[in-house]
Amino acid sequence: MRVRGFTQDDAHIFCREDQLEEEIFKVLDLVVYFLSVFGFREYQIYLSTRPEKYVGSEEIWEKAEGALAAALEKKGLSYEIDPGEGVFYGPKIDLKIRDVLGRFWQCSTIQVDFNIPERFDLIYMGPDNQPHRPIMIHRALLGSLERFFGVLIEHYAGAFPVWLAPVQAVVLTVADRHRDFAEEVRRALEGAGLRAELDPRGERLSFKIREAQVKKIPYMIIIGDKEVEARRLTVRTRKGENLSLGLEEFIERVQREIAEKTIS
């Protein structure tokens, strides 16, 4: 997981002191949503507090630490205090996600920053017509995108949910005479926004199914005499289940899985 490039989904929120708790909660809510969509629902969460060397007043540090803790408690998330491990510019929340192998990976982070507004001499005019210094929140939802996708590949062992799979369905012909209908099916799938491929090679069907399973494609659509005549699909799932579906019925099934971000 030592990546060659490091792309971080970093963003910054500037807010008033009285908005801090609400903004942290919103970010935390977004982090949990993102991770759960990808199938990660177990975390280790740490709240890192003021280190020995820091900028800002003790009072503002206490308010920021309190806002981070309040957001975690409001979300119903258990956490541990990591004393003195905050960065010099502010306290932070770190989330470590647990993968299917039981390993924890540092990904999401929410950090309060008192330093940058000071360095850039940022001010806003408050309701009292006096200048005030805003507070900045750093947020990274997934951390390093490269490392996150590495974790994701290992978490699913490459067998991605349908909505994530690079190829969502492959159309397999039994013989060359079935190619026209198979191509019609592939075009219909692509027209519906699905990522589909056609395998018309003159190999044995069992060989083509085995190849698709090795590639961990979620759906294999088998087209033979019976399917051409009935204009229906025999669909084999990655788990080995066999289904008989109409073309529109299959498209609706896959589109529903994609829309609901189903984790099978």
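A few points about this structure:
- Filter pass, ILE123 being of a type in the set (A, V, I, L, M, F, W, C), under 30 Å from PHE14 (Cα atoms) and surrounded by 15 or more Cβ atoms within 10 Å (Cβ to Cβ): no
- Selection count where residues are under 21 Å from ASN242 (Cβ atoms) and either free of Cβ contacts under 8 Å to residues at least 40 places away in the same chain or in contact with a helix residue (DSSP H, G or I) (Cβ under 6 Å, 6 or more places away or on another chain) (or both), scope segment 201-218: 11
- Considering only residues in segment 35-74 that are under 19 Å from the mean Cα position of the chain (by Cα) and in a helix (DSSP H, G or I), the one that is surrounded by the most Cβ atoms within 10 Å (Cβ to Cβ) turns out to be LEU35.
- Scanning segment 218-264 for residues that are assigned to a loop (DSSP other than H, G, I, E, B) and among the hydroxyl-bearing types (Ser, Thr, Tyr) gives THR262, SER264.
- Residue that is surrounded by the most Cβ atoms within 10 Å (Cβ to Cβ), among those in segment 220-244 that are of a type in the set (A, V, I, L, M) and over 15 Å from VAL170 (Cα atoms): VAL228
- Checked against the criterion of being hydrophobic (A, V, I, L, M, F, W, C) and without any contact (Cβ under 8 Å) to a residue 24 or more places away in the chain, segment 121-131 contains one or more residues that satisfy it.
- Of residues in segment 187-207 being assigned to a loop (DSSP other than H, G, I, E, B) and within 16 Å of PRO218 (Cβ to Cβ), the one farthest from the chain's Cα centre (by Cα): ALA192
Let's see how each residue does on (1) modelled with pLDDT of 95 or more; (2) of a type outside the set (Lys, Arg); (3) within 30 Å of TYR43 (Cβ to Cβ); (4) touching a helix residue (DSSP H, G or I) at 6+ places or on another chain (Cβ under 7 Å):
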site	(1), (2), (3), (4)
VAL167	yes, yes, no, no
GLU183	yes, yes, no, no
GLY224	yes, yes, no, yes
ARG236	yes, no, no, yes
GLU248	yes, yes, no, no
GLN255	yes, yes, no, no
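- In segment 1-27, of all residues being among the β-branched types (Val, Ile, Thr) and farther than 30 Å from LYS74 by Cα, the one that is modelled with the lowest pLDDT corresponds to VAL3.
- Count of residues meeting criterion [surrounded by fewer than 17 Cβ atoms within 10 Å (Cβ to Cβ) and either touching a His at 6+ places or on another chain (Cβ under 8 Å) or part of a strand (DSSP E or B) (or both)] in segment 126-160: 3
- Residue within segment 100-110 that is farther than 26 Å from PHE38 by Cα and crowded, with 22+ Cβ neighbours inside 10 Å present: no
- Any hit, segment 116-126, residues being within 15 Å of the chain's Cα centre (by Cα) and of a type in the set (A, V, I, L, M): no
The values are calculated or read from the model by the stated rules, or taken from the named source; none is laboratory data. Computed from a prediction, not measured in an experiment: that's the story for all the values here. A quick note on method: Cβ atoms are made from the backbone with ideal geometry, for glycine too, and the neighbour counts reach across all protein chains shown.
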